[in-house]
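What follows is a single structure, written as structure tokens, with notes after it.
The values are calculated or read from the model by the stated rules, or taken from the named source; none is laboratory data. Here the structure is a predicted model, which is why all the values come from computation and not from measurement. Note: ideal-geometry Cβ built from the backbone for every residue, glycine included; neighbour counts use all protein chains shown.
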Amino acid sequence: MVKTSHSSRITLLDGGMGRELLRIGAPFRQPEWSALSLIEAPDLVRKVHESFAAAGSDILTTSNYAVVPFHIGENRFSTEGNKLTALSGQLARQAASSFGCKVAGSIPPIFGSYRPDFFVPKRAPALLKIIIDALSPHVDIWLAETTSSISKAQAVAEALAGDNRPLWISFTLLDGRESQKDIPRLRSNQKVSNAVNSAVELGASAILFNCSQPEVMSPAIDTAIRELKRLKVDLPIGVYANAFPAIQKVAQANSTIQEIRPDLDPAGYLTFVDTWCRLGATIIGGCCGIGPEHIATLHESLKMKEKSFPPSEE
């Protein structure tokens, strides 16, 4: 069992690696995104991990999100993908060991974020194998991030067949004008209820929602919990939202450096988190634009709430 935050019964994730690298002046540009810092300044990647751990994160996620052909190119991925992905695992493990955290191995959207129409099933197994083999010595949990379609979740689960570590599947949702709060949907337009069913069938140990606006998370949590109850399955639900304006269906994944919403400062983000926790989410963190200062605020808030819980038996 993954240790829960000392702050409460909530497991506290970290926040967005890429924007924090940009904030501290690390090498950062398109199309490499956060992979550029991994290539040119790995010490700064470890520094960001340490910042999140010091802020109170229980789990650090490896920084290989952009180490895919979409970002670093086919040639570089074929020659350096394994090495760079392994380095991301080593850096996360080094920081985690210093702070007593767990490490989640990021399984990113290998053909670009937000665009399920870019997914190529025939190519997925070979690319996923490179990522999984490189991260395997360093991680405690597998985290399939920004999963925009059920087919991508299925591909990840198949690639991890026989691995006994927990698989957390994190879906990304339609947001902004395209969201349907009465029927929350993935960016593939598939219903969250169907995605939950698929995740259960695939053996997921937790179901999460990430890299969408905070406003669309509550309906997804509510739908997921209802569906799990209907299935008579008990799985933790998690959320780590971004601080971006709405991302539309036709957006080119990470084609520009998005603006950060000023209303989603630590206090603003905490307002959403409080709602998610009341709805039943027990894994909480942040995605793009959510920094160590946000995680520190969540940690302090959860410490205060801990006083209302009975002592843990763990």
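Some points to look at:
- Segment 44-93, residues that are among the hydrophobic types (A, V, I, L, M, F, W, C), part of a helix (DSSP H, G or I) and out of contact with any Cys (no Cβ under 9 Å at 6 or more places or on another chain): LEU44, VAL45, VAL48, ALA54, ALA55, PHE70, ILE72, PHE77, LEU84, ALA86, LEU87, LEU91
- Within segment 157-168, residues that are under 19 Å from PRO109 (Cα atoms) sit with their Cβ atoms under 9 Å from residues that are in a loop (DSSP other than H, G, I, E, B) and of a type in the set (Val, Ile, Thr), at 6+ positions apart or across chains, in these pairs: PRO166/VAL2.
- Those residues of segment 94-126 which are at pLDDT 95 or above, in a helix (DSSP H, G or I) and surrounded by fewer than 20 Cβ atoms within 10 Å (Cβ to Cβ), in sequence order: GLN94, SER97, SER98, PHE99, ALA124, PRO125, ALA126
- Tallying residues that are touching a residue at least 40 places away in the same chain (Cβ under 8 Å), farther than 14 Å from VAL200 by Cα and touching a Leu at 6+ places or on another chain (Cβ under 7 Å) within segment 141-156 yields 2.
- Residue tally, condition in contact (Cβ under 8 Å) with a residue 60 or more places away in the chain and farther than 30 Å from ALA54 by Cβ, over segment 92-116: 4
- Boolean, GLY56 is on the phi > 0 side of the Ramachandran plot and surrounded by fewer than 22 Cβ atoms within 10 Å (Cβ to Cβ): no
- Any chance ALA144 is in a strand (DSSP E or B) and in contact with a helix residue (DSSP H, G or I) (Cβ under 6 Å, 6 or more places away or on another chain): yes
Yes or no, residue by residue, for (1) over 20 Å from the mean Cα position of the chain (by Cα); (2) within 28 Å of PRO166 (Cα to Cα); (3) not aliphatic (A, V, I, L, M):
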residue: PHE28; (1), (2), (3): no, no, yes
residue: LEU38; (1), (2), (3): no, yes, no
residue: GLU50; (1), (2), (3): no, yes, yes
residue: ALA55; (1), (2), (3): no, yes, no
residue: ILE59; (1), (2), (3): no, yes, no
residue: VAL67; (1), (2), (3): no, yes, no
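- Restricting SER151, SER193, SER136 to those that are surrounded by fewer than 21 Cβ atoms within 10 Å (Cβ to Cβ), in contact with a Pro (Cβ under 7 Å, 6 or more places away or on another chain), of a type in the set (Ser, Thr, Tyr) and farther than 23 Å from ILE290 by Cβ reduces the list to SER151.
- ASP234 falls short on exactly one of the conditions (1) in contact (Cβ under 8 Å) with a residue 60 or more places away in the chain; (2) within 20 Å of GLY280 (Cα to Cα), and that condition is (1).
- The residue that is surrounded by the fewest Cβ atoms within 10 Å (Cβ to Cβ), among those in segment 180-190 that are part of a loop (DSSP other than H, G, I, E, B) and touching a residue at least 60 places away in the same chain (Cβ under 8 Å), is SER188.
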